Every structure is written in C-alpha cells, then in structure tokens.
Amino acid sequence: MSKRTELLKGAADYIASKIDFTPEIGMILGSGLGVLGEEVENPVVVKYGDIPSFPQSTVEGHAGQMILGDLEGKKVLVMQGRFHYYEGYSMDTVVFPVQVMRLLGITSFLVTNAAGGVNKSFNPGDLMIISDHVKLSMDNPLRGPNEGSLGPRFYDMSDGYSARLRKLAQKAGAELGIPLREGVYALMGGPNYETPAEIRMLRTMGADAVGMSTVPEVLAAVHAGMEVLGISCVTNMAAGVLDQPLNHEEVIETAAKVRRDFIALVRKIVSRWEQV
Ligand code: HPA
C-alpha cells in the first residue's frame with residue numbers, strides 16, 4: 001500500500017468508526033451554503049482536527065467539520081469548510097477529502113461554489129449547472145504516482161459532469177420554478193479576482209463562469225469513479241463586465257440572497273438522485 005493510500009485509509013477508518021452506515025452522497029458546499037449541514041438529520045459531527053492526516057482549515061469562521069447523517073432519505077456526508085489552492089495547499093491536499101469519501105464508500109459527489117459571471121447574459125444570483133470545465137494551470141491533483149486502488153492512471157473526462165445528473169438538476173429546478181443556467185466553469189488560481197483581460201480571454205475560450213475551486217475536487221472524484229454534479233452560484237459579474245469593482249462582500253451578499261433557493265434545489269436533487 002502506498003503511503004498516501006495508508007493515510008487516506010486511516011482517515012476513512014476514523015470517520016467510519018463514528019457512524020453505523022455507509023454514506024452515499026458526498027458534498028462540498030461553497031460560500032454561504034454550508035448551512036445545509038445544519039439540516040442533516042441524525043447528525044454525526046466529525047471535526048477535521050480529529051481526523052488523522054486530514055488537512056486543517058485556515059479560514060477563520062469556517063466550521064472545519066463534516067456532518068454525516070440523513071437528508072431527503074439519503075445518507076450524506078456534508079463538508080462544512082473546504083480547502084482552496086490559494087490558501088497554499090497543494091492540489092493533492094485539496095482533494096484529500098474527496099478520496100477519503102471514496103474510501104468510505106461514497107460514489108456520488110455534489111460540489112457547489114461561488115463564481116463570477118463571464119457570460120454577459122448571466123446576472124448575479126443566477127445558478128449555473130456546470131457542464132464542463134477549463135483548467136489553465138498545468139498543476140493537477142492526480143500528478144504523481146497513481147493511486148491504483150482509487151482509479152486508473154489515465155481517465156476520461158468527457159462525462160465528468162454527469163449528463164444524467166445535469167438533466168435531473170434541470171428538472172428539479174423547473175419543478176421548483178428556479179431557472180437554471182448551464183455552462184463551462186473556468187478555474188483560476190486566485191486569490192485576486194481576475195483582470196478584465198483574463199476574463200475576455202476566458203470568454204473567448206468558451207467559459208461562462210470563473211472561480212477558484214471545484215476543479216481539483218471534480219478531477220479526483222471522476223478519477224475515483226464517482227458520479228459528479230457541480231453547481232455554481234453566480235455571485236457577481238466577472239471583472240470588466242460591469243463598470244464597478246469586485247469585492248468579497250458582494251460575493252457573500254449574493255450567495256446569502258439565493259441561499260434559500262439553492263438549498264431547496266439541492267434538497268430536491270438529493271431526493272431524486274437515484275432516478276434517471
Ligand atoms: N472570480 C473568481 N472567483 C470568484 C468570483 C470571481 O469573479 N466570484 C466569486 N468567486
């Protein structure tokens with residue numbers, strides 16, 4: 001067993017010792033959405049600090065814990081607090097929790113984020129189902145020896161963002177009267193918001209939204225054979241689209257405004273997850 005597999009297994013075994021069920025859906029929820037964790041029934045809280053080898057949150061005010069339990073009739077693991085590349089973590093550290101999820105038996109992965117709108121027809125507050133991504137950095141969470149127990153060295157990304165789950169999400173949105181966009185998410189490193197020139201470049205490349213997370217986690221989830229759904233909350237128009245500066249407060253404010261819709265949507269999606 002490789003050193004990393006050993007560490008992953010140690011973390012997974014610790015979490016497994018706290019629960020008496022196998023979680024089905026793993027969730028990493030972006031800014032302002034971690035509150036969904038509070039709606040999990042029969043919750044078991046596991047603090048990151050207590051899990052052997054688990055990365056630790058650097059962001060103040062982040063809960064730094066996972067909640068395991070029931071949501072809409074499914075066994076879920078909700079991470080409250082995620083790890084970003086811009087915080088200084090290597091990409092393989094960013095995806096450590098995703099690989100632990102897989103070792104726990106999780107085969108479905110839901111990831112959300114706050115993003116800037118690159119597509120000029122978008123508006124702040126829009127929710128976008130991620131159909132695909134663009135990663136300009138050559139860095140990769142799977143760079144290095146392949147964890148053969150998790151997945152193959154080379155793997156396909158052509159249905160990385162499951163068409164089945166995208167359809168299911170669109171249907172859930174339509175039923176709730178929540179209009180959903182669908183588009184391509186571009187990863188940028190941050191921590192600065194992009195320059196207007198970078199946003200023009202991304203638009204030319206076919207990106208609809210831009211953000212600083214999600215892509216590493218999705219790469220690790222697909223590698224490990226998980227079925228993935230990604231949703232972006234467009235919290236602001238990306239740099240240069242509007243004649244106004246970008247700031248973190250706007251991101252938090254917009255995310256808070258759509259939180260209720262977002263949670264209703266996620267709940268409905270989770271309730272339907274196994275349906276085709
Ligand atoms: N750029 C990158 N990340 C973001 C943005 C943005 O405009 N908004 C929220 N997260």
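The values are calculated or read from the model by the stated rules, or taken from the named source; none is laboratory data. Since the structure is predicted, the reported quantities are computational estimates derived from the model, not experimental observations. When we count neighbours, we look across all protein chains shown, and the Cβ atoms used for this are built from the backbone with ideal geometry, even at glycine. These area figures cover heavy atoms from the full protein model, side chains too; ligands, DNA and RNA do not enter into them. Shrake-Rupley method; radii C 1.70, N 1.55, O 1.52, S 1.80 Å.
Taking 14 Å as the cut-off, the amide N atoms of the stretch 164-206 that come nearer than this to a point 7 Å along the Cα-to-beta-carbon line of K135 belong to 185-189.
Ranking K47, K135 by solvent-accessible area of protein heavy atoms (1.4 Å probe, all protein chains present), from largest to smallest, gives K47, K135. Solvent-accessible area per residue in the chain equals 43 Å², computed with a 1.4 angstrom probe and all protein chains kept. Semi-axis lengths, largest first, of the ellipsoid equivalent to the stretch 113-209 are 26, 22, 10 Å, with √(5λ) applied to each eigenvalue of the Cα gyration tensor.
Here is the size of the stretch 96-143 from its Cα atoms: Rg then Dmax, 14.7, 41 Å. Relative contact order of the chain: 25 percent, from C-alpha pairs under 8 Å at least 6 residues apart in sequence. Atom-type composition of the exposed protein surface of the stretch 1-84 places 48 percent of the accessible area on carbon and sulfur (1.4 angstrom probe).
For the stretch 87-166, the carbon plus sulfur part of the accessible surface works out to 51%, probe radius 1.4 Å. Once the Cα-Cα distance is subtracted from the 0.36 nm per residue extended length, the L176 to R260 segment shows a gain of 29.1 nm. Between V35, V210, V218, the GNM of the chain built on Cα springs shorter than 10 angstrom shows V35 fluctuating the most. In the elastic network of the chain, a GNM with C-alpha springs shorter than 10 Å, the most mobile of D156, D139, D50 is D156.
Largest first, the extents of the alpha carbon coordinates of the stretch 3-56 on the three principal axes equal 34, 26, 19 Å. The ellipsoid that matches the Cα gyration tensor of the stretch 60-181 has semi-axes, each √(5λ) in whole angstrom, of 25, 20, 18, with the longest given first. Pairs of Lys residues in the stretch 16-147 that lie 8 or more places apart, or on two chains, and have C-alpha atoms under 30 angstrom apart add up to 6. P(r) for the stretch 130-276, from all Cα pairs and a bin width of 5 Å, is 2, 9, 16, 19, 19, 16, 12, 6, 2, 0, 0 %, short bins first. Applying D = kT/(6 pi eta Rh) to the stretch 201-276, where Rh is the Kirkwood radius over alpha-carbon pairs, T corresponds to 10 °C and eta to 1.306 mPa s, the Stokes-Einstein value obtained is 106 µm²/s.
M157 sits with roughly 60 Å² accessible to a 1.4 Å probe, with DNA, RNA and ligands left out of the calculation. The average projected area of the stretch 20-87, computed from the convex hull of its Cα atoms over all directions, is 5.0 nm². Which percent of Cα-Cα pairs in the stretch 23-132 sits in each 5 Å bin, short to long? Taking every Cα pair in the stretch 23-132, the percentages come to 2, 11, 20, 23, 20, 13, 7, 3, 1, 0.
For M128, what charge total do you get from the other residues with a beta carbon under 10 Å from its beta carbon, if Lys and Arg give +1 and Asp and Glu give -1? That sum, taken over residues with Cβ under 10 Å, equals -2.
Of all lysines in the structure, those lying under 16 Å Cα to Cα from K167, and not within fewer than 8 positions of it along the same chain, are K268. On the basis of the beta-carbon distance and an R0 of 30 Å, D20 and N123 show a calculated FRET efficiency of 0.10.
When its C-alpha radius of gyration is set against 2.2 N^0.38 Å (N residues), the chain gives a value of 0.95. The DSSP beta bridges internal to the chain are antiparallel in roughly 35% of cases.
Counting only protein heavy atoms and a 1.4 Å probe, tell me what percentage of the stretch 180-222's accessible area is made up of carbon and sulfur. Here it works out to 59 percent.
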